[in-house]
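One structure is given below, encoded as structure tokens.
Bear in mind these aren't lab numbers, they're just calculated from the coordinates by the rules spelled out. This is a predicted model, so every value here is computed, not measured. Neighbour counts are summed over all protein chains in view; Cβ atoms, including those assigned to glycine, are modelled from backbone coordinates with ideal geometry.
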């Protein structure tokens, strides 16, 4: 079985990393534009937001729906509820709410 031009086999794992490479492709293609993020802090903020968006995509969450809900509810949240805004916990809460009682 040959490997395609974009398919990399990791010898010590015996797995292919296509999913990983596809998930970072938008970031790699935009790398030059990020030189103009305004500051190092702006670049770190952009990286954090993109990480959250990619996590949402990996979990099958619509990133816009997630951000809209989180940014609406976040200002009135208690400090003890901060972890509830992580994508995996947000999804679990949504799934629990949609289950019939």
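Some notes on this structure:
- Mean Cβ count within 10 Å, highest first, over the residues of peptides 87-98, 56-67: 56-67, 87-98
- Computed from label points 7 Å out along Cα-Cβ, the spacing between residue 89 and residue 19 is 2.4 nm.
- Legend: Rg and Dmax of segment 32-98, from Cα coordinates, 13.8, 43 Å.
- Pairs of Cα atoms nearer than 8 Å and 6+ residues apart set the relative contact order; for segment 32-98 it is 25 percent.
- Distance (nanometres) between label positions extended 7 Å along Cα→Cβ at residue 50 and residue 79: 3.2 nm
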